[in-house]
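Worksheet for the structure shown next.
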Amino acid sequence: MLESIDKLAVEVFGERLEVATRYAELLTCEGIEWGLLGPRETDRIWDRHLLNSVCISPYVNRDSLVADIGSGAGLPGIPLAIARPDLQVVLVEPMERRVKFLDLCIRDLGLQDSVQVVRCRGEEYRPKAGVDVVTCRALSSVEKLVGMVEPLLNRAEVLAIKGDRASLEVEEAQDYLAKKSLTAEVIRSEVGGSLLGTVLRITKA
């Protein structure tokens, strides 16, 4: 890791940095071999994926149940579970190959007590226990995201990791959000003055 990223990783993951490092190895080996990440992602696995995934952590209450919708290779759910062992994290993913990789990661990293995988589409996920936070990365629009998780929003809030267009997306979706009685805010998540990522928070008005 670069020195600046190394310092951030220590601050974010603390005594569980070794677990995070092992997850990075799984992503850059099996993850690439299985086609879950592109080979060009190896050099930016920490800043683009692991550290970015934990940008929602300051906004998740202690002991929350978090559902990672469309988890893919486990981002952001697995880094969040590593950094926050107080959380229960459910990785929701429909594709069998990805589910097998997630199961491998959970076993290898020793996360069986705090992380589970549910194989289904995000819009089909109906948990028995109440979810406190719904999270995801890289879903294309506010409308698509809300449509996918709307039944969960009576109790849960959405903390979605977005890119530079987050504020514009919220502005474009204002009428839609108002009809759904939802509010949205964009948060720049920083640690030690370094930007980890941009968080879109959606809650009931």
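A short reminder: the numbers here are calculations on the coordinates, not readings from a lab. On a predicted model such as this, the values are computed, not experimentally measured, just so you know. With ideal geometry, Cβ positions are generated from the backbone for all residues, glycine too; neighbour counts draw on all protein chains shown.
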Residue check for PRO58: surrounded by fewer than 21 Cβ atoms within 10 Å (Cβ to Cβ) and not in a loop (DSSP other than H, G, I, E, B): yes
Can you name every residue in the range 28-51 that is closer than 19 Å to VAL92 by Cβ, part of a helix (DSSP H, G or I) and not small (Gly, Ala, Ser)? HIS49
Pick from the range 85-112, criterion touching a strand residue (DSSP E or B) at 6+ places or on another chain (Cβ under 9 Å) and part of a loop (DSSP other than H, G, I, E, B), ranking: nearest to LYS144 (Cα to Cα): GLU93
Given the criteria touching a residue at least 12 places away in the same chain (Cβ under 8 Å) and either in contact with a strand residue (DSSP E or B) (Cβ under 8 Å, 6 or more places away or on another chain) or of a type outside the set (Gly, Ala, Ser) (or both), does ILE32 qualify? no
Just the residues that are within 13 Å of the chain's Cα centre (by Cα) and either on the phi > 0 side of the Ramachandran plot or aromatic (Phe, Trp, Tyr) (or both), please, taken from the range 43-72. TYR59, GLY70, GLY72
Please verify whether LEU80 is surrounded by 20 or more Cβ atoms within 10 Å (Cβ to Cβ), assigned to a helix (DSSP H, G or I), free of Cβ contacts under 8 Å to residues at least 60 places away in the same chain and not aromatic (Phe, Trp, Tyr), treating the condition exactly as stated. yes
Looking at the range 143-181 only, could you name the residues that are closer than 20 Å to ASN61 by Cα and over 19 Å from the mean Cα position of the chain (by Cα)? ASN154
Residues in the range 2-18: is at least one closer than 15 Å to THR135 by Cα, of a type in the set (S, T, N, Q) and in contact (Cβ under 8 Å) with a residue 24 or more places away in the chain? no
Take the residues in the range 113-129 that are of a type in the set (A, V, I, L, M, F, W, C) and in a strand (DSSP E or B); name whichever of them is surrounded by the most Cβ atoms within 10 Å (Cβ to Cβ). VAL115
Just give me the residues in the range 134-144 being within 13 Å of GLU172 (Cβ to Cβ) and in contact (Cβ under 8 Å) with a residue 12 or more places away in the chain, in sequence order. SER141, VAL142, GLU143
